[in-house]
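Participant: Quick one: this structure, given as structure tokens, is what I'll be asking you about.
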Amino acid sequence: MASDKVQVGVVGVGIGRTHLNGYRKLGDRVEIFGICDINEARARATADEFGVKRVFTDYAAMFAEPDLDAVSVCTPNALHAEVALAAIEAGKHVLCEKPMADTLENAQKIVAASRRSDKVFMMGMNNRFRGDTQVLKSFINEGQLGDIYYAKCGWTRRNGIPGLGGWFTTRAMSGGGPLIDIGVHVLDLTTYLMGNPAPVSASGSTYAHFGPRGRGAGGYGYAPDPGTKIQYDVEDLATGLVKFDNGATLFLEASWASYIPHDQFYSTLLGTEGGADLEPLRVYKDMAGAPVDIAPQAPQIGGHEAEVRHFIECIEQNKTPLATAEQGLHILQILDAIYRSAETGREVVIAR
Ligand SMILES: NC(=O)c1ccc[n+]([C@@H]2O[C@H](COP(=O)([O-])OP(=O)(O)OC[C@H]3O[C@@H](n4cnc5c(N)ncnc54)[C@H](O)[C@@H]3O)[C@@H](O)[C@H]2O)c1
């Protein structure tokens, strides 16, 4: 590091603003070196708001700056690999937003490059860092659930297609619909709680009954200008069943739009000594011969800030991050297998 502060740059200032907030809260430990966005007006407005001097519209120009230590990759999914690989090649530490990449091949390239690098590569999986997740992880680490053999997880929305017609709903920019956008969060969270077993196969189905009809839009994410032709070539519901090398299975569902009473985010774990639910956090066990429901008190820790703090700690202390490139690859292997299974109607074996 050129100074005792970690000098960070943020590429893409949608969710990138949340990263900037996290960095700003770290005070003297971090200096925000620069902001990069191809939308210069957006970049400048964000730089003014956060008191950042340097604005770039070309990430390569920012990465060429020797004083820059670390980069948050917050661009649309299809650019994660391109931007992350350029940052790794330039010798920067990288915090990459989810999903790791739009395709399995791009995820594999990131893993290969990060293995060659002596810098930190961390996946931005904010849900792992939440207070309730960390408390549940402590229960699991203590053996309170025993061996986890089955999990169910999902993120389902009633009307929540992000930026209907924009990059989220254009496969070439996103790599897919709710499975890769929000399913990735609950899948990562749940496999993390299960101890990151390696996936061996997956089967799944995808449906698109809302987006192509212009239904199901939600107030989230980039929205196209009025009059723009609506582009929609991804799913709006995905289901999947995943098998792991330790014999465990996981059921996953993700939807941006569906006729359900309300939006839901859940992760349910069944173990040999207990079960658990997130949200809200509950643990189920037998105690003194009776079934007992436990409601642990978890600290109100939002995942995003804690994630950014952990990234900086890993740089400062040369630590392996909680969410690694290899784990990001496992998640992409599952997503890819579910998409391929949906196309072929067959279970897909995941190569080891
Ligand atoms: N972890 C979370 O909770 C969370 C939440 C939202 C989005 N995300 C992820 O963050 C990423 C961005 O999503 P978003 O909602 O911020 O999208 P967004 O469209 O709001 O913002 C993306 C920004 O990237 C900029 N951009 C595009 N190409 C660029 C390039 N070549 N160089 C520099 N900037 C470029 C765009 O101009 C835009 O400002 C996605 O991968 C998404 O999955 C994560």
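Participant: What number goes with the only condition from (1) open to solvent by 10 Å² or more (accessible area, probe 1.4 Å); (2) away from the ligand (no atom under 16 Å from the Cβ) that A202 does not pass?
Facilitator: Here A202 meets the rest and fails (1).
Participant: Counting only residues that are in contact with a Phe, Trp or Tyr (Cβ under 7 Å, 6 or more places away or on another chain) and open to solvent by 20 Å² or more (accessible area, probe 1.4 Å), which one in region 151-163 is nearest to the ligand (Cβ to nearest atom)? Steps first, answer last, please.
Facilitator: In the first step, residues of region 151-163 are kept if they are in contact with a Phe, Trp or Tyr (Cβ under 7 Å, 6 or more places away or on another chain); the result is 152-155, 157, 160-163.
From what is left, the residues that are open to solvent by 20 Å² or more (accessible area, probe 1.4 Å) are 152, 155, 157.
Details: K152: 21, W155: 11, R157: 14 Å.
Only one residue fits best here, namely W155.
Participant: How many residues does region 318-335 contain that are assigned to a loop (DSSP other than H, G, I, E, B) and either open to solvent by less than 30 Å² (accessible area, probe 1.4 Å) or not hydroxyl-bearing (S, T, Y) (or both)? Show your work before the answer.
Facilitator: The initial filter retains those residues of region 318-335 that are assigned to a loop (DSSP other than H, G, I, E, B), namely 318-324.
From what is left, the residues that are either open to solvent by less than 30 Å² (accessible area, probe 1.4 Å) or not hydroxyl-bearing (S, T, Y) (or both) are 318-319, 321-324.
Qualifying residue count for the region: 6.
Participant: Here are some residues: T344, T268, T272. Which one is touching a strand residue (DSSP E or B) at 6+ places or on another chain (Cβ under 6 Å), in the same structural domain as A151 (by TED's automatic domain parsing) and β-branched (V, I, T)? So that I can check it myself, show each step before the final result.
Facilitator: Values: T344 fails: touching a strand residue (DSSP E or B) at 6+ places or on another chain (Cβ under 6 Å); T272 fails: touching a strand residue (DSSP E or B) at 6+ places or on another chain (Cβ under 6 Å).
Unique residue meeting the criteria: T268.
Participant: Quick check on region 1-46: of everything there that is among the acidic types (D, E) and under 19 Å from T57 (Cβ atoms), which residue is surrounded by the fewest Cβ atoms within 10 Å (Cβ to Cβ)?
Facilitator: Just the residues of region 1-46 that are among the acidic types (D, E), to begin with: 4, 28, 31, 37, 40.
The next check asks that each one be under 19 Å from T57 (Cβ atoms); those that pass are 37, 40.
Details: D37: 24, E40: 12.
Taking the candidates together, the pick is E40.
Participant: Then there's this: Could you figure out which of (1) part of a helix (DSSP H, G or I); (2) away from the ligand (no atom under 16 Å from the Cβ) isn't true of H209?
Facilitator: Only one criterion in (1) part of a helix (DSSP H, G or I); (2) away from the ligand (no atom under 16 Å from the Cβ) is unmet by H209, namely (1).
Conditions tested, residue by residue: (1) closer than 18 Å to M100 by Cβ; (2) away from the ligand (no atom under 16 Å from the Cβ); (3) buried (at least 20 other Cβ atoms within 10 Å of the Cβ); (4) not assigned by TED's automatic domain parsing to the domain that holds G16.
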residue	(1), (2), (3), (4)
S117	yes, yes, no, no
F139	no, yes, yes, yes
G146	no, yes, no, yes
G183	yes, no, yes, yes
L189	yes, no, yes, yes
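Participant: Based on what the data block shows, is V6 modelled with pLDDT of 95 or more and over 22 Å from the mean Cα position of the chain (by Cα)? Spell out the reasoning first.
Facilitator: Working: modelled with pLDDT of 95 or more: yes; over 22 Å from the mean Cα position of the chain (by Cα): yes.
So V6 fits the description; yes.
Participant: May I pose another question? Which ones in region 11-45 are within 9 Å of the ligand (Cβ to nearest atom), over 18 Å from the mean Cα position of the chain (by Cα), over 19 Å from D67 (Cα atoms) and not charged (D, E, K, R)?
Facilitator: I38, N39, A43
Participant: So, one more: Applying the selection to region 164-181, what residues are open to solvent by 10 Å² or more (accessible area, probe 1.4 Å) and within 12 Å of the ligand (Cβ to nearest atom)?
Facilitator: If the condition is that a residue be open to solvent by 10 Å² or more (accessible area, probe 1.4 Å) and within 12 Å of the ligand (Cβ to nearest atom), then W167, F168, T170, M173, G175 are the ones that fit.
Participant: Taking the stated definitions as given, is F210 open to solvent by less than 80 Å² (accessible area, probe 1.4 Å), among the aromatic types (F, W, Y) and in contact with a Phe, Trp or Tyr (Cβ under 7 Å, 6 or more places away or on another chain)?
Facilitator: Values: open to solvent by less than 80 Å² (accessible area, probe 1.4 Å): yes; among the aromatic types (F, W, Y): yes; in contact with a Phe, Trp or Tyr (Cβ under 7 Å, 6 or more places away or on another chain): no.
Judged against the criteria, F210 is not a match.
Participant: Let me ask something additional. Any idea which of I315, I350, I338 is in contact (Cβ under 8 Å) with a residue 40 or more places away in the chain, buried (at least 16 other Cβ atoms within 10 Å of the Cβ), touching a Pro at 6+ places or on another chain (Cβ under 7 Å) and among the aliphatic types (A, V, I, L, M)? First the steps, then the outcome.
Facilitator: Details: I315 fails: touching a Pro at 6+ places or on another chain (Cβ under 7 Å); I338 fails: touching a Pro at 6+ places or on another chain (Cβ under 7 Å).
Selected residue: I350, the only one of I315, I350, I338 that is in contact (Cβ under 8 Å) with a residue 40 or more places away in the chain, buried (at least 16 other Cβ atoms within 10 Å of the Cβ), touching a Pro at 6+ places or on another chain (Cβ under 7 Å) and among the aliphatic types (A, V, I, L, M).
For (1) within 11 Å of the ligand (Cβ to nearest atom); (2) open to solvent by 30 Å² or more (accessible area, probe 1.4 Å); (3) not in a strand (DSSP E or B), each residue gets a yes or a no:
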| site | (1), (2), (3) |
| --- | --- |
| A60 | yes, yes, yes |
| D67 | no, yes, yes |
| I88 | no, no, yes |
| P99 | yes, no, yes |
| Q108 | no, yes, yes |
| N127 | yes, no, yes |
| Y149 | no, yes, no |
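Participant: For region 279-317, enumerate the residues that are more than 16 Å from the ligand (Cβ to nearest atom) and hydrophobic (A, V, I, L, M, F, W, C).
Facilitator: Restricting attention to region 279-317, the residues satisfying the condition of being more than 16 Å from the ligand (Cβ to nearest atom) are 280-300, 312-317.
If the condition is that a residue be more than 16 Å from the ligand (Cβ to nearest atom) and hydrophobic (A, V, I, L, M, F, W, C), then L281, V283, M287, A288, A290, V292, I294, A295, A298, I312, C314, I315 are the ones that fit.
Participant: For G175, indicate whether it is touching a helix residue (DSSP H, G or I) at 6+ places or on another chain (Cβ under 7 Å), at pLDDT 95 or above and either of a type in the set (V, I, T) or farther than 14 Å from D102 by Cβ (or both).
Facilitator: On the way: touching a helix residue (DSSP H, G or I) at 6+ places or on another chain (Cβ under 7 Å): yes; at pLDDT 95 or above: yes; either of a type in the set (V, I, T) or farther than 14 Å from D102 by Cβ (or both): no.
So G175 fails the test.
Participant: Assess whether G176 counts as being outside any loop (DSSP other than H, G, I, E, B), within 20 Å of A342 (Cα to Cα), of a type in the set (G, A, S) and within 17 Å of the chain's Cα centre (by Cα).
Facilitator: Numbers: outside any loop (DSSP other than H, G, I, E, B): no; within 20 Å of A342 (Cα to Cα): yes; of a type in the set (G, A, S): yes; within 17 Å of the chain's Cα centre (by Cα): yes.
When the stated conditions are applied, G176 does not pass them.
Participant: Hey, another quick one. Condition first: part of a strand (DSSP E or B), touching a helix residue (DSSP H, G or I) at 6+ places or on another chain (Cβ under 7 Å), in contact (Cβ under 8 Å) with a residue 60 or more places away in the chain and open to solvent by less than 80 Å² (accessible area, probe 1.4 Å). Can you find one or more residues in region 277-299 that meet it?
Facilitator: yes
Participant: V94 - would you say it is open to solvent by less than 20 Å² (accessible area, probe 1.4 Å), more than 9 Å from the ligand (Cβ to nearest atom) and over 24 Å from M123 (Cβ atoms)?
Facilitator: Details: open to solvent by less than 20 Å² (accessible area, probe 1.4 Å): yes; more than 9 Å from the ligand (Cβ to nearest atom): yes; over 24 Å from M123 (Cβ atoms): no.
No: the conditions fail for V94.
The values are calculated or read from the model by the stated rules, or taken from the named source; none is laboratory data. Source: prediction; values computed, not measured. With ideal geometry, Cβ positions are generated from the backbone for all residues, glycine too; neighbour counts draw on all protein chains shown. All accessible areas refer to the heavy atoms of the entire protein, side chains included, with ligands and DNA or RNA removed. Shrake-Rupley method; radii C 1.70, N 1.55, O 1.52, S 1.80 Å.
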